[in-house]
Structure formats: structure tokens, C-alpha cells
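Following this message is one structure expressed as C-alpha cells.
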Amino acid sequence: MSRYFEEFTPGEVFVSSGRTVTEADLTMFCMLSGDWNPIHADAEFAATTRFKERIVHGSFGIALTTGFMHQMGVFATTAVAMLSLENWQFRAPILVGQTLKLRMTITETDPGSSARVGRLGRRLEILDQNGAVLQEGSTDLLILKRTA
């Protein structure tokens, strides 16, 4: 399923399958990051906030995008390097129990001067089960050319 640089077109959209965020995800990300802020780890405290419940770390969403892209398979053996993460916006919180998916839009293709790799511009949007955008941003990827 991996695709090469020449096989992408600006405007092309890919959508991952869904993944429900679990209590274990929240706890494991607290442990991995070391971020035990009460908004993530203390249910009593979180109940007093505007969200009324614990929220999952925003950076969990960024990490999840890489897993979603791997699950899609389009870059499995052709991705060389992610070059940037730009203008990332946290639009709404991620909550335990939400089912998320990634919508990825190819925004640009730049063959550059290398015979081996080209650059893809991508718009990433994390969507909840209702289609609301929770997080979004842009990223560039170096990807193998088939002609290499």
C-alpha cells in the first residue's frame, strides 16, 4: 500500500479508521510524558474546571497522528523524514471515550532537485466521532521517488 512521491496529488484526502481513547491511554501518556497535571490526573480537580472532566494531553493528539498515518499504510516503506510541524492548533479537548480519526489532505508536491526524494505538504486534522476538528496543523514529509 505504500505510495511514492509521484503517486500523490494536491487535494487528495485520506481518512484513517477510528480509535477510541481509553483510560489506559490517559494514564500511560501521563507516565510516558511525566505530566501529571491535575487536569489530566485528578478527577475531583478536573470536575471543577470548565470541561467538568479530565482531558487527555494535547501532545497525545500529535503523537496519535503518527500512528494514524502508519495505520493508513501510504507511507509505510517510502517515508524518509518528517520535516516540520507547523501552526498546530488545539481547537477542543480530547476526552476519554471519544473516537478519533485522522483526515490528511495532500496540500503540495515539490519534486525538489533530488533524484531520490520529494517533499509532500500535508494538512492534518484530528476529528472526533461527530466530525468536529479537535486539532489541526501542517507538516512536510520527505518521501521516496519511484524513479530513484
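If I go through segment 1-57 residue by residue, how many of them are β-branched (V, I, T), within 17 Å of A92 (Cα to Cα) and either in contact with a strand residue (DSSP E or B) (Cβ under 9 Å, 6 or more places away or on another chain) or free of Cβ contacts under 8 Å to residues at least 12 places away in the same chain (or both)? Quick ask: steps written out before the conclusion?
Filtering segment 1-57 down to residues β-branched (V, I, T) leaves 9, 13, 15, 20-22, 27, 39, 48-49, 55-56.
Next, only the ones that are within 17 Å of A92 (Cα to Cα) stay: 20-21, 39, 49, 55-56.
Now drop any that are not either in contact with a strand residue (DSSP E or B) (Cβ under 9 Å, 6 or more places away or on another chain) or free of Cβ contacts under 8 Å to residues at least 12 places away in the same chain (or both), which leaves 20-21, 49, 55-56.
Residues that pass the stated criteria total 5.
Still on this structure: I'd like to know if segment 95-107 contains one or more residues that are free of Cβ contacts under 8 Å to residues at least 60 places away in the same chain and either among the aliphatic types (A, V, I, L, M) or over 14 Å from V15 (Cα atoms) (or both).
As a first pass, look at segment 95-107 and keep what is free of Cβ contacts under 8 Å to residues at least 60 places away in the same chain: none.
Within segment 95-107, none of the residues are free of Cβ contacts under 8 Å to residues at least 60 places away in the same chain and either among the aliphatic types (A, V, I, L, M) or over 14 Å from V15 (Cα atoms) (or both).
Could you list, in sequence order, all residues of segment 111-148 that are closer than 13 Å to W88 by Cβ, among the basic types (K, R) and either modelled with pLDDT under 95 or buried (at least 17 other Cβ atoms within 10 Å of the Cβ) (or both)?
Hit for segment 111-148 is R122, nothing else.
Right, here's the next one. For T66, only one of the following conditions fails: (1) in contact with a helix residue (DSSP H, G or I) (Cβ under 9 Å, 6 or more places away or on another chain); (2) surrounded by 13 or more Cβ atoms within 10 Å (Cβ to Cβ); (3) without any contact (Cβ under 8 Å) to a residue 24 or more places away in the chain. What is its number?
Looking at each condition in turn, T66 falls short on (1).
The values are calculated or read from the model by the stated rules, or taken from the named source; none is laboratory data. Treat the numbers as computed from the prediction; the structure is a model and nothing was measured. Quick reminder, even Gly has a Cβ in these numbers, built from the backbone with ideal geometry, and neighbours come from all protein chains shown.
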